[in-house]
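The values are calculated or read from the model by the stated rules, or taken from the named source; none is laboratory data. Because the structure is predicted, anything quoted here is derived from the model rather than measured. Here Cβ is always computed from backbone atoms with ideal geometry, including for glycine, and neighbour counts include all displayed protein chains. The area values use the complete protein model at the heavy-atom level, side chains included, leaving out ligands, DNA and RNA. Shrake-Rupley method; radii C 1.70, N 1.55, O 1.52, S 1.80 Å.
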Amino acid sequence: MAWLSLKVWLVGLSFLGCLYPLVDFSFSGETRGQKPNFVIILADDMGWGDLGANWAGTKDTANLDRMAAEGTRFVDFHAAASTCSPSRAALLTGRLGLRNGVTHNFAVTSVGGLPLNETTLAEVLRGAGYVTGMIGKWHLGHHGSHHPNFRGFDYYFGVPYSHDMGCTDTPGYNHPPCPACPRGDRPSRNLERDCYSDVALPLYENLNIVEQPVNLSALAQKYAEKATQFIQQASTSGRPFLLYVGLAHMHVPLAGTPPSAGPRGQRLYSAGLREMDHLVGRIKDTVDLVAKNNTFLWFTGDNGPWAQKCELAGSVGPFTGSWQACRGGSPAKQTTWEGGHRVPALAYWPGRVPVNVTSAALLRCCSTPTAGLPERTERFRPSAWSSTKPSTSPAEPEPATGASAPSGTTSAPSSSTWKLTSRRPRHWTGAARSTGRCCPGSRRLSRASSPTSPATASRGRITARILPCAPAATPAAPPAAAGPREGRTVPGRRGCLPPPRPRVL
């Protein structure tokens with residue numbers, strides 16, 4: 001009995017990462033005594049099966065597959081949530097949403113963000129002498145002290161939230177198709193459900209908006225250029241660095257140009273996947289050039305694919321959620337099914353991370369900034385949407401003051417509240433939103449044409465035909481308990497398991 005208890009304890013410690021200090025992480029040679037650099041690349045809405053190393057049917061991730069061969073691939077890695085903001089908050093704080101207060105996505109109208117009394121990984125590393133930079137999608141608050149420059153990042157270049165949460169210069173491909181931003185005195189558009197708002201998507205560099213609306217067709221190139229510049233400049237400075245890249249890929253709208261062969265929807269997604277792979281390859285090549293032996297590169301996703309986008313969504317691989325799919329629901333993003341939070345994960349660090357290794361260890365996000373500190377207990381923190389009181393932080397955070405920080409910045413913007421609205425918890429009552437009635441790609445995918453001129457140029461009148469999609473299946477309550485030999489299948493479907501008990505999403 002004592003031996004069994006000891007084995008259970010050791011297994012528990014292994015899953016919690018408590019045995020990691022027993023691993024030899026000592027440095028040797030020219031890297032001895034140097035602080036390691038960290039590059040974290042977070043894909044958006046990328047499915048587990050979108051990585052070629054995971055799923056043989058994927059042929060569009062040559063650079064990521066090479067990174068997997070040169071490092072370690074984790075096949076049982078899980079994001080902390082199946083939606084954007086909670087997953088990103090957990091990544092930067094090392095705490096789940098029920099602890100850090102972020103349990104839902106922030107909206108364009110949100111005045112709050114990641115609670116100000118939460119410590120981010122960037123704040124910890126900046127305090128240790130690191131140069132910190134963030135490029136890409138933030139989605140943890142865009143007003144006041146919630147801006148990345150006030151959450152530990154010396155440099156920021158990117159969009160404040162998902163790029164489908166505002167109109168753009170080049171709308172891209174989406175369900176439903178959306179027009180570009182209105183111009184001049186033209187009236188606001190009559191938007192269909194799930195289409196963009198009339199608030200133009202801004203592109204920030206530190207605290208300044210450098211482009212609005214954003215030209216999506218050039219966004220990936222800008223991200224790659226800024227990422228390589230940051231790595232080169234930080235390496236030249238002689239200081240260790242943290243670079244956090246929140247990619248726009250593979251979130252809709254997709255801006256890539258499709259090849260000529262293959263079904264159109266699949267071509268669009270494949271083109272976007274290749275563009276993302278090329279961007280990651282550029283970042284990795286830059287790391288190899290300037291700081292190969294002293295940089296830990298981590299690639300993963302924030303959640304699974306957005307199945308409601310039909311052929312514009314990624315692949316969950318084998319994690320199709322048979323019970324859910326049998327009822328017309330989605331087993332991917334926004335659900336607690338495995339396809340919603342099981343994501344690709346790669347680690348790369350020559351000489352430190354094992355080469356060409358596939359790990360089946362059950363792991364989940366997060367990089368905990370309090371690692372190594374004495375264990376402490378904490379009271380449960382309500383969701384950031386549960387009330388409207390201001391942050392309990394004793395003082396507002398100071399803006400970044402590093403070499404890449406915005407000049408002349410001495411105080412935070414005026415808004416400092418971190419809680420916005422009250423939302424009722426949503427309980428599972430049956431199948432999630434249907435994905436079984438996706439409109440055919442040949443009739444649904446149309447891109448709103450618009451000139452590819454700069455954001456300040458004039459624009460002709462833009463029209464787009466928006467076709468209504470079939471209505472989603474209405475969620476149904478779980479059927480009543482069946483007898484011993486009943487309820488094992490659904491009429492007309494084979495292999496469907498009985499529904500589980502209701503759960504909170």
Practice item. May I ask you to list the residues in the stretch 112-129 that are open to solvent by 10 Å² or more (accessible area, probe 1.4 Å) and either hydrophobic (A, V, I, L, M, F, W, C) or in a loop (DSSP other than H, G, I, E, B) (or both)? Key: Leu116, Asn117, Thr119, Leu121, Val124, Leu125, Ala128, Gly129
Point to revise | the stretch 290-310: number of residues that are open to solvent by less than 20 Å² (accessible area, probe 1.4 Å) and either within 18 Å of Asp60 (Cβ to Cβ) or of a type in the set (S, T, N, Q) (or both) | key: 9
Point to revise | Number of positions in the stretch 48-62 that are closer than 17 Å to Leu279 by Cβ and surrounded by fewer than 18 Cβ atoms within 10 Å (Cβ to Cβ) | key: 1
Practice item. Considering each residue of the stretch 69-86, count those that are part of a helix (DSSP H, G or I), within 20 Å of the chain's Cα centre (by Cα) and in contact (Cβ under 8 Å) with a residue 60 or more places away in the chain, and give that number. Key: 1
Review point. Taking the stretch 311-341 as the region of interest, how many residues are surrounded by 20 or more Cβ atoms within 10 Å (Cβ to Cβ), among the β-branched types (Val, Ile, Thr) and over 23 Å from Ala271 (Cα atoms)?
Key: 1
Exercise for review: Pairs only if they're at least six apart or on different chains, beta carbon under 8 angstrom, first in the stretch 232-243 and hydroxyl-bearing (Ser, Thr, Tyr), second open to solvent by 20 Å² or more (accessible area, probe 1.4 Å); list them, first residue then second.
Suggested key: Ser235/Val290; Ser237/Ala403
Study note, to complete from the structure: Among Arg73, Arg32, the single one that is modelled with pLDDT of 95 or more and either of a type in the set (Lys, Arg) or within 24 Å of Gly136 (Cα to Cα) (or both) is Arg73
Point to revise | Enumeration of residues in the stretch 154-187 that are open to solvent by 10 Å² or more (accessible area, probe 1.4 Å), of a type in the set (Asp, Glu) and in contact (Cβ under 8 Å) with a residue 24 or more places away in the chain | key: Asp164
Exercise for review: Output the residue which, of all residues in the stretch 176-207 that are within 20 Å of Leu247 (Cα to Cα) and of a type outside the set (D, E, K, R), is modelled with the lowest pLDDT.
Suggested key: Tyr196
Point to revise | Hey, Thr103 in contact with a helix residue (DSSP H, G or I) (Cβ under 7 Å, 6 or more places away or on another chain), open to solvent by 20 Å² or more (accessible area, probe 1.4 Å) and closer than 25 Å to Gly166 by Cα or not | key: yes
Review point. Is it fair to say Gly262 is open to solvent by 20 Å² or more (accessible area, probe 1.4 Å) and either at pLDDT 90 or above or within 30 Å of Leu297 (Cβ to Cβ) (or both)?
Key: no
Review point. Among (1) among the hydroxyl-bearing types (Ser, Thr, Tyr); (2) in contact with a Gly (Cβ under 6 Å, 6 or more places away or on another chain); (3) within 30 Å of Gly238 (Cβ to Cβ), which single condition is Thr103 missing?
Key: (3)
